[in-house]
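Enquirer: Please see the structure below; I have some questions.
The values are calculated or read from the model by the stated rules, or taken from the named source; none is laboratory data. None of these values were measured; they are calculated from a predicted model. Neighbour counts are summed over all protein chains in view; Cβ atoms, including those assigned to glycine, are modelled from backbone coordinates with ideal geometry.
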Amino acid sequence: MLLADPRARSMTRTSAAHVSNFSKRGEPQVSERIGFIGLGIMGRPMAGHLVDAGNAVTVWNRTRNKMSALVERGESPREVAARSDITITMVADTPDVLDVILGSEGVIHGVRRGSIVVDMSTISPAATREIAQKLSERGAEMLDAPVSGGEKGAIDAALSIMVGGKPEVFERVLPVFQKLGKAIVHLGEIGAGQVTKACNQLVLSLTLLGVAEALTLARKSGVDPAKVRAALLGGFAQSRVLELHGQRMLDQNFEPGFRTRLYHKDMGIVMETGRSAGMPLVGGALAAQLYQVAMNQGLGEKDYSVLARIVAGLGGGTGE
Ligand code: NAP
């Protein structure tokens, strides 16, 4: 039911941006008109925060019934961009971003000179640079601003946002980012945000693999993996991955969270980034292959911590 969902509730408030410089929560408003394309697990609460803060927001989602009747809706990404000073995209993969920005009804056909497109999806850095080049030929600027923090970070407006693009464009969009996240870092030119996100996924995947192997080793050696997790949390092996995903592995709770299908996509981006930089990613390749195994076993809709099940299988067990 749409209104029972906390993310949905936040989409039902109408904007007061035209009458006040401050939202009901007393925060300064962004005077620029915002477009938001992609209302999935992440995009929906993010767009909701911008509406809640009293900004003028126009949304578009491919599946139309995910758009609330009480917010401005565009007929297409093109129309959203035509109505917006800052257009945010939050869709799944590189081909999807290419579609919503460069496709026949894409953002590029609606953008005005001086407007900004901000892609917050996790996609290829090389494709990001190509899109930015095409937008610049239309007089529009682009930032890449992928995020970390998951669904909870999106709901709590506590995302880590990794931004690439011109510094003056970053400064203009910063008040918008501040409605969505806490750690907001400008990392360099266009594509730098996506490279940073690839680094993030590399560290995450290898940490996850280490945790999965350690807990499986403990179980196979006759030591309680829950006690091993607790012991390791007090020492140098402590990490958020051990804490949160280690617990998921112990509970065999692989409901997403972050879908394996999307993580598999991210590991492809990691490997592509390594190849284009001439950097062998030995650990990354291993993790990428294991995510391929997870996909082949039909686990794409499970949380990415389901890697533990693959590792347990290598040990001849099920992880239970
Ligand atoms: P999701 O729930 O699967 O939502 C994907 C969104 O993209 C939906 O709105 C979907 O529209 C739209 N979309 C997909 N393909 C499209 C296309 N060809 N044309 C138009 N719209 C399209 O994904 P999510 O979890 O929100 O993730 C979004 C992005 O954030 C991904 O790049 C992901 O890697 C990244 N991310 C996710 C997490 C996480 O924990 N979930 C964390 C950090 C970063 P429909 O509703 O019509 O399907």
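Enquirer: Here is a check on your reading of the model: is S305 within 15 Å of the ligand (Cβ to nearest atom), within 20 Å of L217 (Cα to Cα) and not charged (D, E, K, R)?
Expert: Yes.
Enquirer: Tally up the residues in the stretch 138-197 that are surrounded by 18 or more Cβ atoms within 10 Å (Cβ to Cβ) and in a loop (DSSP other than H, G, I, E, B), please.
Expert: The total comes to 10.
Enquirer: Being more than 11 Å from the ligand (Cβ to nearest atom) and either surrounded by 24 or more Cβ atoms within 10 Å (Cβ to Cβ) or closer than 23 Å to A157 by Cβ (or both) is the filter here; which residues of the stretch 78-98 pass it?
Expert: V80, A81, S84, D85, I86, T87, I88
Enquirer: Report, ordered by the first and then the second residue, all pairs with beta carbons closer than 6 Å, sequence separation of six or more or different chains, a first member in the stretch 244-264 that is on the phi > 0 side of the Ramachandran plot, and a second member that is within 12 Å of the ligand (Cβ to nearest atom).
Expert: From residues that are on the phi > 0 side of the Ramachandran plot, the pairs are G257/D303.
Enquirer: When the residues of the stretch 63-77 are narrowed to those that are within 13 Å of the ligand (Cβ to nearest atom) and either buried (at least 22 other Cβ atoms within 10 Å of the Cβ) or free of Cβ contacts under 8 Å to residues at least 12 places away in the same chain (or both), which ends up nearest to S121 (Cα to Cα)?
Expert: Step by step, filter the stretch 63-77, then rank; the result is P77.
Enquirer: Exactly one of these conditions fails for R248: (1) within 16 Å of the ligand (Cβ to nearest atom); (2) in a loop (DSSP other than H, G, I, E, B). Give me its number.
Expert: The one condition R248 does not meet is (2).
Enquirer: Is it true that N55 is surrounded by fewer than 23 Cβ atoms within 10 Å (Cβ to Cβ), farther than 16 Å from A145 by Cα, in contact with a strand residue (DSSP E or B) (Cβ under 9 Å, 6 or more places away or on another chain) and in the same structural domain as E151 (by TED's automatic domain parsing)?
Expert: In short, no.
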